[in-house]
Structure formats: structure tokens, C-alpha cells
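**Q** Take this structure first; my questions come after.
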Amino acid sequence: MTEKEFLNAVFNGKEDVLQIFLDTLSSTGVDYCVVGGLAVNAYAEPVVSLDLDVVVAAKDIETVCKAVDVHFKIERFSHSVNLSSDKSALRIQMQTDPRYQDFISKATRHTVLGYEMKVASVEDVLQGKIWAYSDEERRKSKRQKDLADIIRLVETYPSLVDRLPEKVRKQVE
């Protein structure tokens, strides 16, 4: 079983919606980068997640929505546009928080669990995880996963510990 086949089995995928989404970004020429747990997998030992967190160039959000509307249900929230499909358990969250936009220009190509994609730099992935963990409005279980992702990154790249706010550093140590 390939990594892609494994991930699609986890997604309970009747279609490879992750590849459909990545191909749509490529064919429309939209600039993007992956952030969140799947991005952490580009830099640390992989952990399976049903979420794909991605930053799309702000000017291109509507282009992406129009291009994927035949494949995905689209829901809009204050800081994201979420895509889902009845053909997979994968949840795609396009971040609209402007803090993430600068991540795109520093992203590089990685193969993550069999998929080629642009991933934010390890420093930016860490920053996104710090923001997520520090957001006390998020569910506690999500924040704990963010903390675990921060720990995974710092264990793999010990020099990143210097980038942690004191409050987060205490949790990590």
C-alpha cells in the first residue's frame, strides 16, 4: 500500500479529493502553502489528520471556490473557507486570517504522505501552531493537538525552542 492509498483509506475516500484540490490549485495557477498538522508532517514524524489547513493568496480565494464547487461543499466562516466532500472524510480549511499570507512566499515543495505540495517554512508552520495553541476560543482538544505539533517540531528542530513564547515554552519543557 502506498502512502497515498493509506491516507485515502484513512480519509475513507471514494475519490482522491486531496489530489483533486491540489490539482485545482495547480491548474488555476493559485499560489498557496499548506500549514497545520499536515505541514508539520513535512518536517517531523508523520501523524495522520483528517484536516488540510492551507493558505491561499487572498486575491485568489474566490477563484479557488469557483474552480472546486463541482467537487466540494463550500462553507464560509470568519477566518476560513471550509471545503468538504461526501466522497471523503478530509476537511480542507482555507485560512483567510491575513497573518498567514506572508507564509506563501517562503513555502517550498515537499512530498507529504505521498502528495507533492507547497508547505510553509518550518518556522512559519511553528508560528501558525503557536497562534492556534494560544487561541483560547479553540476547543481544548484542538489546542492540545497544536501543542503536540509544537513539541514534534521542537524535538526535530531543537533550535526552534528559541521562537516559543515563554508561556508555550513552559508547556513544552
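The values are calculated or read from the model by the stated rules, or taken from the named source; none is laboratory data. Everything numeric here is computed off the predicted structure, so don't read it as measured data. Positions of Cβ are generated from backbone atoms using ideal geometry, with glycine treated the same way; all protein chains shown enter the neighbour counts.
**Q** Please go through the range 1-33 and give me each residue that is of a type in the set (A, V, I, L, M, F, W, C), surrounded by 15 or more Cβ atoms within 10 Å (Cβ to Cβ) and assigned to a loop (DSSP other than H, G, I, E, B), ordered by number.
**A** Once the filter is applied, which keeps residues that are of a type in the set (A, V, I, L, M, F, W, C), surrounded by 15 or more Cβ atoms within 10 Å (Cβ to Cβ) and assigned to a loop (DSSP other than H, G, I, E, B), the range 1-33 yields Phe11, Val30.
**Q** Which of (1) modelled with pLDDT under 95; (2) more than 24 Å from Asn8 (Cβ to Cβ) does Asp69 not meet, given it meets every other one?
**A** With respect to (1) modelled with pLDDT under 95; (2) more than 24 Å from Asn8 (Cβ to Cβ), Asp69 is out only on (2).
**Q** With more than 19 Å from Lys4 (Cα to Cα) and touching a strand residue (DSSP E or B) at 6+ places or on another chain (Cβ under 7 Å) as the only criterion, which of Val54, Val68, Val34 stands out?
**A** On the way: Val54 fails: more than 19 Å from Lys4 (Cα to Cα); Val34 fails: more than 19 Å from Lys4 (Cα to Cα).
Just one listed residue meets the conditions, Val68.
**Q** Regarding the range 37-45, can at least one residue be identified that is surrounded by 23 or more Cβ atoms within 10 Å (Cβ to Cβ) and of a type in the set (Phe, Trp, Tyr)?
**A** no
**Q** Continuing with the same structure: Given the structure, is Val54 farther than 21 Å from Val10 by Cα and either surrounded by 15 or more Cβ atoms within 10 Å (Cβ to Cβ) or not hydrophobic (A, V, I, L, M, F, W, C) (or both)?
**A** Spelling it out, it is not the case that Val54 is farther than 21 Å from Val10 by Cα and either surrounded by 15 or more Cβ atoms within 10 Å (Cβ to Cβ) or not hydrophobic (A, V, I, L, M, F, W, C) (or both).
**Q** Also, quick follow-up: Hey, among Tyr157, Tyr133, Tyr100, which residue is in contact with a Leu (Cβ under 6 Å, 6 or more places away or on another chain) and among the aromatic types (Phe, Trp, Tyr)?
**A** On inspection, the qualifying residue turns out to be Tyr133.
**Q** Then there's this: Just to be sure I understand, how many residues within the range 82-123 are assigned to a helix (DSSP H, G or I) and either of a type in the set (S, T, N, Q) or in contact with a Phe, Trp or Tyr (Cβ under 6 Å, 6 or more places away or on another chain) (or both)?
**A** Within the range 82-123, residues that are assigned to a helix (DSSP H, G or I) and either of a type in the set (S, T, N, Q) or in contact with a Phe, Trp or Tyr (Cβ under 6 Å, 6 or more places away or on another chain) (or both) number 3.
**Q** For the range 115-123, state whether one or more residues are at positive phi, among the aliphatic types (A, V, I, L, M) and buried (at least 16 other Cβ atoms within 10 Å of the Cβ).
**A** So far as the range 115-123 goes, no, none of its residues is at positive phi, among the aliphatic types (A, V, I, L, M) and buried (at least 16 other Cβ atoms within 10 Å of the Cβ).
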